[in-house]
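Shown next, in structure tokens, is the structure this report addresses.
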Amino acid sequence: MLSAAAAAAPDEQQRPRDSEDARLVAALRRGDEAAFAALVRKHQSLMLRVARGYVRDQRLAEEVVQETWLALLEGIDRFEGRASLKTWLFRVLVKRAITRGTRERRQVPFSSLVGDDDESGPTVDADRFLGGDHPRWPGHWAAEPSNWEALPEQRLLSRETMRLVQEAIERLPARQRDVIVMRDIGGFGAEEVCAALDLSDGNQRVLLHRARAKVREELERHLA
Amino acid sequence: MTYHLEEDLHCVEVVELVTDYLEDALPDDVRTRVEMHLVICRGCELYLGQTRGTIDAVSALGVDGGDPEGMQGLLEAFRGWRRREEEDA
């Protein structure tokens, strides 16, 4: 039985994302409102979340996001498809959000301003481990981490926990926040995040690593 | 980062490798060492479980119902743009 994918032209099979983008761009150029609405539904929520990390309130985040959509429409005739639509949207969004956030001089937690690329060092407290000179278990856990799989599911995904995770993410330095939001909430692939944020692959992984480690730590404290 | 190649990885090193491990970005030999360590080290297995739990909790934030905020305003902006395009054509 031929699936829809098998029945498609060979080109479409190899680069499904590119041809979906091409269809969308063509539809937008035609003024197809339904296509625009579908695109908005797909990305708006994440765009708002990312923008909100840079500006002082939700209303400003909505403005930044709206400007980004308008920029897409205004430039749609010139859109060459070198980057995917999604990558393009988030690249522009982050740049605008940073500009707007700086202009509005929002009160940001100091940690957001510190160069997060310079962060280094262990992501787990050194005193969680035995010393490298321990006679039997050098560098081993001093005490085992707790087993979250033994927790009732409602605990890890409770409203309270969600709020804590949300706050932990908000406290992250900007780029760590963007990476974890795009990867783990937005489901972006690593390459897409690198393209959207101008990061090397290694950079992206370091940021993701540090972001997840911080959130894990706060979750652990809360769940203890 | 120096890996202790002549012996098992230390837990303190393994925790810094979990992201690359989950991303499948480790060189083969290091990946093998991590896997070997995980087999014998409950602490690190639990830490990996916590990392996965963290990812699950973070992704759960993304579950949204209904039309996104600002939808109406955007549709109006779209119509405005389309009108301008038609006028310019």
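Bear in mind that the values in this text are calculations on the coordinates, not laboratory data. Since this is a predicted model, take the numbers as computed values, not measurements. Neighbour counts are summed over all protein chains in view; Cβ atoms, including those assigned to glycine, are modelled from backbone coordinates with ideal geometry.
Could you please find all residues in segment B:29-86 being of a type in the set (A, V, I, L, M) and more than 7 Å from chain A (Cβ to nearest Cβ)?
Correct list: B:30, B:34, B:36, B:38, B:39, B:40, B:48, B:63.
If you scan segment B:18-73, which residues turn out to be of a type in the set (A, V, I, L, M, F, W, C) and more than 30 Å from residue A:158 (Cβ to Cβ)?
B:25, B:26, B:30, B:34, B:36, B:39, B:40 - these are the residues of segment B:18-73 that are of a type in the set (A, V, I, L, M, F, W, C) and more than 30 Å from residue A:158 (Cβ to Cβ).
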